[in-house]
Each structure stands twice: as structure tokens, then as C-alpha cells.
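What follows is one structure encoded as C-alpha cells, with my remarks underneath.
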Amino acid sequence: MNFEKEKHHFKGDETGLDKEKYVIETFLFESQIDPEDAALHLCQEHSTAQWKRVDVDEDFRPQHAAKLLSLEVLETKDTPAFPAPFHTGPKFHTCRARIANPHINFGAKLPNLLTVVCGEGVFYSPGITAIKLLDLDFPDAYLDQFEGPQFGVRGVRDLLQIYDRPIFLGVVKPNIGLDPGSFSELAYQSWLGGLDAPKDDEMLADVGYSTLEKRTALLGKLRRKAEQETGEKKMYIANITDEVDRIEALHDMAVANGINAVMLNGWAIGLSACRSLRKKAKVPLVAHFDFIAAFTRVPYFGMSVALSTKLQRLAGFDIILFPGLSARMQTTKEEMMSNVKACLEPMGKIKPSLPVPGGSDWAGNLDKMYDIMGSVDFGMVPGRGVFNHPMGPKAGARSFRQAWEAIQKKIPVKEYANSHEELKTAFEAFEEC
């Protein structure tokens with residue numbers, strides 16, 4: 001097959017494109033062959049790699065071929081990003097390409113979409129030595145077939161009756177090893193101090209020493225007790241991650257026990273399983289950023305972390321956790337804000353999800369996060385910042401409320417700490433960490 005004669009079939013003109021029929025892919029790739037040839041091979045390999053039957057007068061490319069809309073060569077160098085025996089050069093071209101792929105090829109099905117945009121045809125395309133999927137732009141005709149978040153930002157706020165500040169979540173610590181009674185008491189104390197929604201750690205689910213049934217039964221009762229004592233709505237986020245055939249039953253059990261939000265390690269169990277639960281869920285779904293680093297952190301390979309967030313939103317998560325700005329998370333401000341954008345930007349009929357940057361948060365960095373976010377539509381998810389507070393989790397939660405009071409009163413948070421013991425102790429304990 002003479003590719004040189006056929007490659008024009010994989011070129012597209014954006015001005016004349018019926019965009020409702022296509023998902024627009026943005027790739028960053030490195031090529032050891034002519035960049036345009038590499039991009040056109042990429043179009044062919046993950047759409048109509050063979051476009052007709054032998055001895056039949058037909059051509060499936062007009063309807064089914066992916067089409068290159070634009071190509072930009074960013075850099076040419078002598079060495080590849082990932083040296084390997086079959087990466088021979090002599091030159092390696094770093095490129096950005098926009099490709100229109102007809103969604104008739106895969107439909108509104110997350111496994112099929114991922115098979116196309118992150119599958120064999122992409123990562124084994126001729127001449128490409130490294131590739132990363134940066135973004136997918138979906139037309140309304142495609143988005144209309146998805147449910148998206150059931151509650152979204154507004155729905156979560158309605159459940160908690162909080163409209164004028166960030167939502168304060170928290171990871172109960174110690175995260176592993178506690179019996180249900182000791183664990184639930186820590187969550188209860190954090191509610192009393194002002195935390196809105198303590199949660200299970202992503203590694204704590206239904207385990208022998210702390211079964212989900214026992215833990216949620218206690219937490220459901222204590223949540224209602226905390227609401228009566230504080231006069232505030234409260235939430236508990238139970239981790240129901242498990243084998244796929246158990247997830248719906250665990251959701252039903254947790255809800256019956258009074259739990260009003262559940263968490264899934266979405267990429268570990270698969271986004272299709274998450275979407276399936278979304279169709280039946282009675283409470284908000286929370287996504288943890290497990291497993292994401294394995295295919296987002298390497299330059300020139302995998303997918304962008306913002307796209308992973310966008311796909312979780314598409315699957316139906318109401319609250320999405322992702323890496324925050326602490327040194328431990330090794331995340332830039334730009335990367336974090338790309339996740340925020342993926343949660344909140346207009347996306348057809350799909351509701352916005354509450355963005356929750358996470359990692360080593362404490363009361364003293366609330367003002368920084370608020371300044372960066374530029375609005376109250378985000379969540380904080382401290383662990384040790386509440387549950388390792390020297391005065392206990394009630395004081396740890398209270399330190400966050402005091403930090404927000406300082407922000408509202410336009411008083412520097414550290415100055416406000418001088419007259420507020422819980423916040424002052426937080427600075428003493430965590431400022432140098």
C-alpha cells in the first residue's frame with residue numbers, strides 16, 4: 001500500500017469541518033520521521049488503518065478517517081526523549097497536533113473512547129518515539145449522551161447549605177489500622193470543630209479490621225449527632241472501592257447506614273464502572289486521584305492530568321480530588337489550575353464538578369489557595385493538618401474555620417493566629433513542614 005499516494009485522505013480543513021461529528025484530540029508527540037508523515041500515520045492507525053476490502057470498490061475514509069487539522073513542530077534535536085534500540089533518528093521532532101476523530105467510530109462509551117485515543121493505534125504508530133494525549137474537545141452532540149455529575153458544585157452546596165466559602169473536607173488519620181469505633185470518633189470530633197466532610201483514605205475501604213458496614217453504621221449515627229450539636233449540615237465520604245461486582249451493593253449499604261457521599265478510586269476500577277454507579281447513585285460521587293500519576297507524570301507519554309480530570313467529570317463525579325501545590329505533590333500552579341478548569345469550565349450540558357486540590361494542606365495555606373483559585377468554588381482536603389493537630393481533630397478543624405474568618409475580615413492569617421489558639425498552634429506545628 002503506497003502511503004504517499006493515500007495520505008491526503010487523512011488531512012482535514014477545520015473551517016469546513018462539521019465539528020458535531022468529531023472529537024478533537026490534541027497530541028504532543030516526538031517523531032523520528034518527517035513530522036507530517038508521522039501525524040498522518042497517527043490519524044490512520046487509530047481510525048481506518050484499512051479502509052476497503054480486497055476487490056471491492058469502496059472507501060470508508062470519508063466517514064471514518066481521523067483527520068489532521070493542524071501540526072506545529074516545536075523543537076528538533078539529536079536525541080530522543082526515551083532512548084531505545086529502535087529509536088534511531090537521525091533527528092527527533094517534538095510536535096503538537098490537533099486531530100479530528102469521528103465519534104461514530106467509538107460512540108459515547110468510555111471504554112471504547114479510551115481504546116481509540118489511548119490504545120494500540122496511538123502508542124505504536126509508525127515513526128513516533130513518544131506521545132502524550134493532552135486534551136479531548138467534545139461536541140455537544142457527543143456530550144448530550146452522557147449523564148455527567150448528578151449533583152455538581154451547586155448540588156453539593158445545597159446538600160451542605162454552604163454557599164459563601166470553600167468546602168472543608170478531610171482525610172481521617174491514622175488512615176490505616178484503626179478499629180471502626182476509634183476511627184469514627186475522630187471524624188465526629190472533626191465535625192464538631194467545623195469540618196464539613198471527613199472521608200476515608202483511598203487505601204481504606206472494606207477491610208477485615210474495619211468493615212465498611214461497621215464503619216458506616218457508626219459514622220452515619222455520629223454524622224446526624226454532629227448536625228444536631230452544631231446546627232450545620234455534615235457529610236461523610238465513604239470509600240466503596242472494590243471489585244466491580246460489589247460496588248453497587250456497597251453503595252446501597254453505606255447509604256442505608258446514613259452515609260451521604262461515596263468515593264471511588266476511579267481509574268483503578270475503571271471509569272465505565274464509575275459511570276454505571278452514577279446512573280444508580282443516590283448520593284454525590286467523589287473521585288480520588290489514585291493511579292493517575294502512573295500515566296500522567298511522565299513527559300511525552302500517557303495523557304495529561306487535566307484530561308484525566310475531564311474524563312472523570314464526564315463519568316459523573318461530583319467532587320474530584322487531584323494533586324495540590326505542596327512540595328510533596330510536585331505540582332505546578334499551572335498544572336493545578338488546568339485541573340480546576342477541567343472541573344469548572346463549560347462542557348455542554350455536563351454540570352461542573354467541585355475541584356479539590358489535595359496534599360499536605362493545613363490552615364496556614366488556605367489564604368494562598370483562595371487567592372490562586374479566585375473564588376470559593378473549591379474544596380480543601382487536609383489530613384494531618386486536622387487529624388495531627390497537637391490539640392486534636394476538633395481544634396484542627398477549628399483552625400481552618402479561623403483561617404477563613406481571617407480571610408473574610410481581611411486580616412493576615414498569621415496575624416489572626418495570635419489571638420486564636422487553634423490557629424496559632426497550627427502555625428507552630430505545620431508552618432515549617
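The values are calculated or read from the model by the stated rules, or taken from the named source; none is laboratory data. This structure is a prediction, so every number in the text was calculated from the model and none was measured. Cβ coordinates were reconstructed from backbone atoms using ideal geometry, including for glycine residues, and neighbour counts include every protein chain displayed.
So is Ala315 in contact (Cβ under 8 Å) with a residue 24 or more places away in the chain, buried (at least 24 other Cβ atoms within 10 Å of the Cβ) and either among the acidic types (Asp, Glu) or in the same structural domain as Met347 (by TED's automatic domain parsing) (or both) or not? Against the criterion (in contact (Cβ under 8 Å) with a residue 24 or more places away in the chain, buried (at least 24 other Cβ atoms within 10 Å of the Cβ) and either among the acidic types (Asp, Glu) or in the same structural domain as Met347 (by TED's automatic domain parsing) (or both)), Ala315 qualifies. Total residues in segment 320-337 satisfying the condition of being in contact with a Leu (Cβ under 9 Å, 6 or more places away or on another chain) and either farther than 21 Å from Glu431 by Cβ or surrounded by 18 or more Cβ atoms within 10 Å (Cβ to Cβ) (or both): the figure is 5. Could you go through segment 386-402 and let me know if any residue there is in contact with an Asp or Glu (Cβ under 7 Å, 6 or more places away or on another chain), farther than 30 Å from Ile176 by Cα and in contact (Cβ under 8 Å) with a residue 40 or more places away in the chain. Looking through segment 386-402, none of the residues is in contact with an Asp or Glu (Cβ under 7 Å, 6 or more places away or on another chain), farther than 30 Å from Ile176 by Cα and in contact (Cβ under 8 Å) with a residue 40 or more places away in the chain.
Go through the residues of segment 86-108 one by one and say whether even a single one is within 20 Å of the chain's Cα centre (by Cα) and surrounded by 14 or more Cβ atoms within 10 Å (Cβ to Cβ). Checking segment 86-108: at least one residue is within 20 Å of the chain's Cα centre (by Cα) and surrounded by 14 or more Cβ atoms within 10 Å (Cβ to Cβ). Residue selection: Tyr142 satisfies the criterion of being part of a helix (DSSP H, G or I) and within 30 Å of Pro102 (Cα to Cα).
Each row is one residue, and each column tells you yes or no for (1) surrounded by fewer than 19 Cβ atoms within 10 Å (Cβ to Cβ); (2) of a type in the set (A, V, I, L, M); (3) at pLDDT 95 or above.
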position: Val376; (1), (2), (3): yes, yes, yes
position: Gly385; (1), (2), (3): no, no, yes
position: Pro390; (1), (2), (3): yes, no, yes
position: Glu405; (1), (2), (3): yes, no, yes
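Taken as a whole, segment 106-122 holds at least one residue that is of a type in the set (Val, Ile, Thr) and under 19 Å from Lys7 (Cα atoms).
Residue by residue, here is whether (1) at pLDDT below 95; (2) over 11 Å from the mean Cα position of the chain (by Cα); (3) of a type outside the set (A, V, I, L, M, F, W, C) holds:
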| site | (1), (2), (3) |
| --- | --- |
| Arg297 | yes, yes, yes |
| Lys310 | no, no, yes |
| Arg313 | no, no, yes |
| Ser326 | yes, yes, yes |
| Gln330 | yes, yes, yes |
| Val340 | no, no, no |
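Taking segment 59-91 as the range and being farther than 28 Å from Asp18 by Cβ, touching a residue at least 40 places away in the same chain (Cβ under 8 Å) and basic (Lys, Arg) as the test, only Lys91 passes. A search for C-beta distances below 9 Å between a residue of segment 348-375 that is part of a helix (DSSP H, G or I) and any residue that is polar (S, T, N, Q) and surrounded by fewer than 20 Cβ atoms within 10 Å (Cβ to Cβ), counting only pairs 6+ apart in sequence or on different chains, returns Asn365/Ser326. Glu335 meets each of the listed conditions (1) in a loop (DSSP other than H, G, I, E, B); (2) under 13 Å from the mean Cα position of the chain (by Cα); (3) at pLDDT below 95 apart from (1).
So which residues in segment 45-65 are within 34 Å of the chain's Cα centre (by Cα), in a loop (DSSP other than H, G, I, E, B) and polar (S, T, N, Q), if there are any at all? Answer for segment 45-65, where residues must be within 34 Å of the chain's Cα centre (by Cα), in a loop (DSSP other than H, G, I, E, B) and polar (S, T, N, Q): Ser47, Thr48. For segment 418-427, the candidate set comprises residues that are in contact (Cβ under 8 Å) with a residue 12 or more places away in the chain and surrounded by fewer than 24 Cβ atoms within 10 Å (Cβ to Cβ); within that set, the residue that is nearest to Tyr370 (Cα to Cα) is Phe427. Scanning segment 284-294 for residues that are surrounded by fewer than 23 Cβ atoms within 10 Å (Cβ to Cβ) and touching a residue at least 60 places away in the same chain (Cβ under 8 Å) yields one hit, Asp290. Listed by first and then second residue, the pairs with beta-carbon distance under 7 Å, at least 6 apart or on different chains, first residue in segment 174-189 and surrounded by 15 or more Cβ atoms within 10 Å (Cβ to Cβ), second β-branched (Val, Ile, Thr), are Phe183/Val172; Leu186/Val172; Ala187/Val172.
Given the structure, is Leu344 in the same structural domain as Asp245 (by TED's automatic domain parsing), within 28 Å of Lys234 (Cβ to Cβ) and at pLDDT 95 or above? Spelling it out, Leu344 is indeed in the same structural domain as Asp245 (by TED's automatic domain parsing), within 28 Å of Lys234 (Cβ to Cβ) and at pLDDT 95 or above. For segment 277-290, the criterion of a residue being of a type in the set (Gly, Ala, Ser) and assigned to a strand (DSSP E or B) is satisfied by at least one position. Only residues that are touching a Ser or Thr at 6+ places or on another chain (Cβ under 8 Å) and part of a helix (DSSP H, G or I) were counted in segment 117-139, giving 1. The residues in segment 42-58 that are of a type outside the set (Val, Ile, Thr), surrounded by fewer than 22 Cβ atoms within 10 Å (Cβ to Cβ) and in contact (Cβ under 8 Å) with a residue 12 or more places away in the chain can be counted, and the count is 3.
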